[in-house]
Structure formats: structure tokens, C-alpha cells
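Novice: Got a structure for you, written out below as C-alpha cells; questions coming shortly.
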Amino acid sequence: MDLSSLRRAGLAGAIVAGSVAATVGGIALLFRTEGRMAAQTVGHRLGDRGPDADRVYRPAWGNPLLLVVAGDSVADSLGAATASATLGANLAVALSDHAHRAVELRTVAAVGARTSTLDHQIDTLPEGKVPDITVIVVGGNDLTNHVPLADSVKALGAVIGRLRLAGGEVVVGTCPDFDTLPSLPSPLREFGGQMSRRLAAAQFKAARAAGAHPVLLGRAVRQIFLEEPRDMFSIDGFHPSSLGYRRASAAMIPAVLAAYDAGRPGSAGPAAGGHVSDGPASAVPPLRPGND
């Protein structure tokens, strides 16, 4: 190949590389814009809080455990119709039945929250309230606000470390899979799916390394959310419905129960070979319309 041919090849390569970069950048910008528009729409259609499910479950059993739910609108169960359908309520009931103890549920999650706000959410707990188990579901707003992956994962690891240092167990539900969202058009849905799965994998790895019990939430519920979007999603096509939250709860219950067992004296935590769930869909008990 002569010098002129090399120059032409180099120029062509530069043009292709520039086009790819421009395309990826354009999709990323569109993704952020669509995410903000979706958030504004959600605010009008679903309000800015999920149902209030905070209370003591099975109070007669006494010796209550403190279960805290932190994170974003999914953690807050925005889109659920009743308190009993929320993520927190379902986890609290299952934990109470497993431990045969009362469970006090405290939800500090907030609509629109990013991973960097988790520390502030924990700070809102009353002084002296140390969670026995903290359930975190976060990541979607990190994507729509273009938070760098490294920053998102670092913030998650830091808050897990803080909670573990205080003596509590932590369960992390990773970022939901965006390519199941009916409200996102193609190719935004496919691009969002790739980004969300990348973040979820990084969250899973970081959470496990920090001593938490991670669940690949998107993988666990992916199939049924794709097959039954009308039942699994609320009216905004972005957040789960009551049935969708029950399905997500079912995917996370094994990790919550394992976290309780790991926190008992003489038990091995996740870093020492305790339970860590990656949430395969086939392992989650089926839920269908009519069970809500």
C-alpha cells in the first residue's frame, strides 16, 4: 500500500470513528433528555411518593428488627396502588415470618434519587436507629442523569461500607433492565438496556466485594416484564404496578432472609461464603394477575 492509499485509509478510519462517536454521543444525549421528560411525566401521573407502608409488622411477636429501604422511586414503590403491594411491605412480612419477630419498616427512599444521595437518606433516620437490614434499589437515575459508572459504583460501595461498619446487613437490588420499559421507544430502549445491564453488573460486583447481598433484579424479572407489560407496569409504562412490585419483592426475598441469617451470631456473611443471589428468573416463584 502506497503513502496516498495509507492517507486515504486513515482519513476513512477517522471519519468512521467520528461518526460512531457522534452517534453514541447523540444517543446518550437523547437518553438523558428522554429520561428527564419521563421523570416530569411520572411526577404528574403518579405523584412524588409511593404508598406509605412504614409501620411495625407482626407487633405481637415483639423484639422488632429494623428494616430500612433506601434508593430511588422503585425502592419507594412509586406506582403501587396500596401499601401492602409495596416492596418494603412484602419484604417486611417475609422477614417477620422467617425470623418470627416483629419488623419495623422505615422507607427513606426518594423519587429521583441517585446513588450519591444514599448517604443523606441514611442520615434521615432518627438518632440511635441502626438498621438491622438495609435494602437498596438504585441506579436508574444515575443512567438518565449520565452519572459516570465509576462514580456510581464508588458511592454504592461507600454507603454499603458505612452500613456494614455500623453492624447491619445490606441487600442491593441492582439497576432495573431498561429494555423492558414500554415507555422507551427504539433504539433508546435497546441502548438503555445495554447501559442498565452494564451498571447492574458493576453494582453486583461492588456490592458483593463490600459484603452486601446483591440481586440482579433486572435479570430476575426480565422475562415476565417483557411478556406481560400491561400487568407488570403502572400507567406510566416506566414504574412497576402493584403486581410488578410483588414480583420484584419475590426476587429479593431470598437475599433478605439470607441477610438476616448471616447477621445472626456465628453465621458466615456473604464474604465468607454466605448466600449471594444473582436472581435468575427461573428461581422466582411465579405471580400472575389475580394474586395481588
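Each reported figure results from applying straightforward, stated rules to the coordinates on display, with no laboratory input. Bear in mind that the values here come from a model prediction, so they are computed numbers and not experimental data. Here the Cβ is made from the backbone with ideal geometry for all residues, glycine too, and neighbour counts use every protein chain on show.
Novice: Give the calculated FRET efficiency between A166 and N145 to the nearest 0.05, with a Förster radius of 41 Å applied to their Cβ-Cβ distance.
Specialist: Working: r = 28 Å, r/R0 = 0.69.
For A166 and N145, the calculated efficiency is 0.90.
Novice: What is the gain in length, in nm to one decimal, between N63 and R198 on full extension, counting 0.36 nm per residue of separation less the C-alpha to C-alpha distance?
Specialist: Values: separation 135, 0.36 × 135 = 48.60 nm, distance 4.03 nm.
So the chain would gain 44.6 nm between N63 and R198.
Novice: Calculate the FRET efficiency for A209 and T82 from the Cβ-Cβ distance with a Förster distance of 30 Å, rounded to the nearest 0.05.
Specialist: On the way: r = 37 Å, r/R0 = 1.23.
Given R0 = 30 Å and the Cβ-Cβ separation, E is 0.20.
Novice: Okay, moving on. Got the relative contact order for region 180-271 handy, in percent, Cα pairs under 8 Å and 6 or more residues apart?
Specialist: Details: 74 pairs, mean separation 26.6, N = 92.
Here the relative contact order equals 29 percent.
Novice: Additional query: Using the per-residue mean of other Cβ atoms lying within 10 Å as a proxy for protection, in what order, highest first, do the peptides 132-138, 251-257 fall? Write out the running numbers ahead of the final one.
Specialist: Working: 132-138: 27.7, 251-257: 23.1.
Peptide ranking by packing, descending: 132-138, 251-257.
Novice: Using the per-residue mean of other Cβ atoms lying within 10 Å as a proxy for protection, in what order, highest first, do the peptides 188-201, 104-117, 51-64 fall? Display every interim value, and only then the final one.
Specialist: Details: 188-201: 18.9, 104-117: 21.7, 51-64: 15.3.
Output ranking for 188-201, 104-117, 51-64: 104-117, 188-201, 51-64.
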